[in-house]
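Peer 1: What follows is a structure written as structure tokens; I'll ask about it next.
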Amino acid sequence: MGQMIPIPFILWLSFAVFDFGNIDQLFAFFGIAGIILSFIKSKHSVLISLISFILMNLAIASRLMYVSIEALNYPAFTIPFLIFIISQIILITLKIINRQKTPSNQPY
């Protein structure tokens, strides 16, 4: 139980990017691109946050395809994973609310 997470997931991402010829390389690239996108400030911050969230979840989903769900049914995985999902949803919701409150910069 828990054999997939002895090394942090970010290390897997960084090593899998350079594993040429493997489908995991594509998903690792998506995950790293999602992490990088989360630090970019843009005029379309809600869209960037949604794309970042989807890309990071694609990397996690690719690992979940190789491991049975019983191997990940323990608090050291489920609690951080749920915190990640909930915090990303809250972040996107707050960006939407903030965007609605700010007046548009369009000329009258």
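The values are calculated or read from the model by the stated rules, or taken from the named source; none is laboratory data. Fair warning: this is a prediction, and the values are worked out from it, not measured in the lab. Cβ: placed from backbone, ideal geometry, glycine included. Neighbour counts: every protein chain shown. Heads up: the accessible areas ignore ligands, DNA and RNA and are worked out on the full protein's heavy atoms, side chains in. Shrake-Rupley method; radii C 1.70, N 1.55, O 1.52, S 1.80 Å.
Peer 1: Residues that are among the hydroxyl-bearing types (Ser, Thr, Tyr), free of Cβ contacts under 8 Å to residues at least 40 places away in the same chain, out of contact with any strand residue (DSSP E or B) (no Cβ under 6 Å at 6 or more places or on another chain) and not in a helix (DSSP H, G or I): does segment 70-80 have at least one?
Peer 2: So far as segment 70-80 goes, no, none of its residues is among the hydroxyl-bearing types (Ser, Thr, Tyr), free of Cβ contacts under 8 Å to residues at least 40 places away in the same chain, out of contact with any strand residue (DSSP E or B) (no Cβ under 6 Å at 6 or more places or on another chain) and not in a helix (DSSP H, G or I).
Peer 1: Here is a follow-up. Return the residue satisfying two criteria in turn: it lies in segment 51-60 and is modelled with pLDDT of 85 or more and farther than 20 Å from Ile97 by Cβ, and of such residues it is surrounded by the fewest Cβ atoms within 10 Å (Cβ to Cβ).
Peer 2: By that ranking, first place goes to Ile54.
Peer 1: A further question on this structure: Take the conditions open to solvent by 40 Å² or more (accessible area, probe 1.4 Å) and modelled with pLDDT of 85 or more and apply them to Ile69. Does it pass?
Peer 2: Considered against the rule, which asks whether it is open to solvent by 40 Å² or more (accessible area, probe 1.4 Å) and modelled with pLDDT of 85 or more, Ile69 comes out as no.
Peer 1: Can you pull out the residues in segment 13-29 that are open to solvent by less than 60 Å² (accessible area, probe 1.4 Å), hydrophobic (A, V, I, L, M, F, W, C) and either touching a strand residue (DSSP E or B) at 6+ places or on another chain (Cβ under 8 Å) or assigned to a helix (DSSP H, G or I) (or both)?
Peer 2: Listed by number, the residues that qualify are Leu13, Ala16, Phe27, Ala28.
Peer 1: Then there is this: Taking segment 32-50 as the search range and keeping residues that are within 11 Å of the chain's Cα centre (by Cα) and over 19 Å from Ile86 (Cβ atoms), which one is surrounded by the fewest Cβ atoms within 10 Å (Cβ to Cβ)?
Peer 2: Checked segment 32-50; the qualifying residue surrounded by the fewest Cβ atoms within 10 Å (Cβ to Cβ) is Ile36.
Peer 1: Also: Which one of these does Ile10 not meet: (1) at pLDDT below 80; (2) open to solvent by less than 70 Å² (accessible area, probe 1.4 Å)?
Peer 2: (2)
Peer 1: Something else: Could you tell me which residue of segment 30-50 is modelled with the lowest pLDDT, considering only residues that are part of a helix (DSSP H, G or I) and of a type in the set (Ser, Thr, Tyr)?
Peer 2: Taking the candidates together, the pick is Ser45.
Peer 1: Kindly list, by first and then second residue, each pair from a residue in segment 14-32 that is free of Cβ contacts under 8 Å to residues at least 40 places away in the same chain to a residue that is of a type in the set (Asp, Glu) and open to solvent by less than 50 Å² (accessible area, probe 1.4 Å), limited to pairs with Cβ atoms under 6 Å and residues at least 6 apart or on different chains.
Peer 2: Here the result reads Ala16/Asp24, each pair linking segment 14-32 to a residue that is of a type in the set (Asp, Glu) and open to solvent by less than 50 Å² (accessible area, probe 1.4 Å).
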